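> I am attaching a structure below and will ask some questions about it afterwards.
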Amino acid sequence: MDLLDEGPVPEHAREAKAEARAFAEAEIEPVAAEKFSSGEYPWDVLEAAMDAGLVAADLPEELGGRGFDVEQILAIGEEFFRADAGIGLTLMLASFGCELVEQYGTEEQHEQYLRPVAQNDQISGLAVSEPDTGSDLAGMTTSAEKDGDEWVLNGEKYWVGNAVEADWLTVYAKTGDRDDRYGNYSLFIVETDSEGYEAEHIPEKMGMRASKQGHIVFDDCRVPEANLVGTEGGGFYALADFFNHGRVVVGGHGLGLAAAAIEEAEAFVHEREGFGRTINEFQAVQHILADMQTEFQAARTLNWRAARQVKEHDNPGYWAAMAKTKSTETAVDAAERSMQLHGGRSIFADRRISRVYRDVRIPVIYEGANEIQRNLIYRQTPR
């Protein structure tokens, strides 16, 4: 069974997909259970992925990256998350936020910050959410105030991938108090060894344990004026566009997880016997598997359509929100049904399906909770 076949994948993205699959089979799958159990940051797998050219691959070739587009990154995401969501997230977060610096930053910022990430000498991250605020991008309170030729940051950020491990982050902070609340935010490059920057890992998560998120406290953290990314007050609008790309890829996270759940269900029901036959012979089981396949194929078709729409800038917010919502919720449903088909064995900690079941709870929340996605879908529906 090859659920993540090449069918909907554009020709130019198939080589990246094949590379990601080969890497996932060789480097991620053999250690997935161990990394989940230990909860340790998978530096060894990250370094192997860097050597394979599968980290920061979306950065421009002129900086040392591979110039991959959103469809190529989606193809990689499907394969990584099918193998293991925690490790997959770590590999994809190693250059998170760089797209913002690439699109809005200066040539000096590209050379100083993007080139080391593209060449796998550094890793980055993006700090947006706060302890009391997540999906409300216009409700963040971390502030940046101008003081001479520096910006002074104060506040907290939460759920930040690589908050502890990264060399630098792109940080979203409030810089104004305009009537237009969406024009009050800006983006800054903050080096993690800056004075006034303190980060620690958040408490252990139930899922995606091989990916590390952190809690950051900015206490009069000073950054040079030159580290402002783009224009003052343009942060909200820059993030809104950035998340369109990200949500399509997060849809791929869901597809990879859903594929893993369906694979585990298919394997189990064809081996498990009950009442004198294997349980796949029961019509009720066949209907469950049929529904899982149907929903998965519908989600995957939508997700790849959305990737094309985002790439072509054709109502991207609408398509990205639908893809993220459908694919991640399909993963939740597939994991739930697969757990039920596994019966009591589903709760064993060493079972792949139990890991998938815990992992699927996370993508329905990050990159904007799916309730927020439904707001975006409604508002941006062509009428």
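Please treat every number below as a calculation from the coordinates, not as lab data. Small disclaimer: the values here were computed from a predicted structure and weren't measured. Counting neighbours? That spans all protein chains shown, and the Cβs are built from the backbone with ideal geometry, glycine included.
> Using a ≥ b ≥ c from the Cα gyration tensor of the stretch 136-186 (square roots of the eigenvalues), is it rounded, prolate or oblate, where a/c under 1.5 gives rounded and otherwise the larger of a/b and b/c decides, a/b for prolate?
Values: a/c = 2.64, a/b = 1.36, b/c = 1.94.
Verdict is oblate for the stretch 136-186.
> Now for a different question. Starting with the highest mean, order 80-87, 91-98, 229-236 by the number of other Cβ atoms within 10 Å, averaged over the residues of each peptide. List each step's numbers first, then the result.
Numbers: 80-87: 28.4, 91-98: 26.2, 229-236: 19.4.
Sorting 80-87, 91-98, 229-236 by mean packing, highest first, produces 80-87, 91-98, 229-236.
> Sticking with this structure for a sec: Can you list residues from other chains, or at least 5 along the same chain, whose modelled amide H is less than 5 Å from the amide H of residue 161?
Amide H neighbours of residue 161, under 5 Å, 5+ apart: 126, 214.
> Ok, one more. Given labels modelled 7 Å from the Cα in the Cβ direction, how far is it in nm from residue 18 to residue 61?
Going by the 7 Å Cα→Cβ label model, 1.8 nm.
> Projected area of the stretch 11-118, taken from the Cα convex hull and averaged over every viewing direction, in nm²? All intermediate terms of the calculation are to be shown ahead of the outcome.
Numbers: hull surface 26.1 nm².
Orientation-averaged projected area of the Cα hull: 6.5 nm².
> Counting pairs of alpha carbon atoms under 8 Å apart in space and at least six apart in sequence, what relative contact order in percent does the chain give? Write down the numbers at each step before the final one.
On the way: 748 pairs, mean separation 63.3, N = 383.
It rounds to 17 percent for the chain.
> Please state, rounded to one decimal and in Å, the Kirkwood hydrodynamic radius that the stretch 232-315 gives when every pair of distinct Cα atoms enters the mean of 1/r.
Details: mean 1/r = 0.0648 Å⁻¹.
For the stretch 232-315, the Kirkwood estimate is 15.4 Å.
> Helix 70-83: angle to the longest alpha-carbon principal axis of the chain, degrees 0 to 90, nearest 10?
50
> Could you name the lysines whose alpha carbon sits less than 30 Å from that of residue 212, not counting residues in the same chain fewer than 8 places away?
17, 35, 157, 174, 311, 324, 326
> Sort 210-222, 243-255, 13-25 by the packing proxy (mean of other Cβ within 10 Å over each peptide's residues), most packed first. If you can, show how the numbers build up before the last one.
Working: 210-222: 20.6, 243-255: 28.0, 13-25: 18.8.
The most tightly packed comes first, giving 243-255, 210-222, 13-25.
> Now a separate question. Where does the charge balance sit around residue 130 when Lys and Arg score +1, Asp and Glu -1, over other residues with C-beta under 9 Å from its C-beta? Let's see the in-between values first.
Working: positive: 157; negative: 132, 156.
Overall, the nearby charge balance is -1.
> Additional query: Along the Cα→Cβ direction, 7 angstrom out, place labels at residue 383 and residue 350. What is the inter-label distance in nm?
Here the answer is 5.6 nm between the modelled labels.
> Further question on the same structure: Taking neighbour Cβ counts within 10 Å as the exposure measure, how do 324, 157, 174 sort from fewest upward? Please list the in-between numbers first.
Details: 324 33, 157 28, 174 20.
With the fewest neighbours first, 324, 157, 174 line up as 174, 157, 324.
> With springs only between Cα atoms under 10 Å apart, run a GNM on the chain and tell me which of 172, 357, 182 wobbles the most.
Looking only at 172, 357, 182, the largest GNM fluctuation is found for 182.
> Next up: How large is the translational diffusion coefficient of the chain in µm² per second when you combine the Kirkwood radius over alpha carbon pairs with Stokes-Einstein at 20 °C and 1.002 mPa s? Working shown, then result.
Details: Rh = 21.3 Å.
Taking Rh from Cα pairs, D becomes 101 µm²/s.
> Using a Förster distance of 51 Å, how high is the FRET efficiency between residue 291 and residue 147, based on the Cβ-Cβ distance and rounded to 0.05?
On the way: r = 59 Å, r/R0 = 1.16.
Plugging the Cβ-Cβ distance into 1/(1 + (r/R0)^6) gives 0.30.
> When you take every Cα atom in the stretch 237-380, what is the radius of gyration, and what is Dmax, the widest Cα pair distance, in Å?
Cα only, the stretch 237-380: 16.9, 61 Å (Rg, Dmax).
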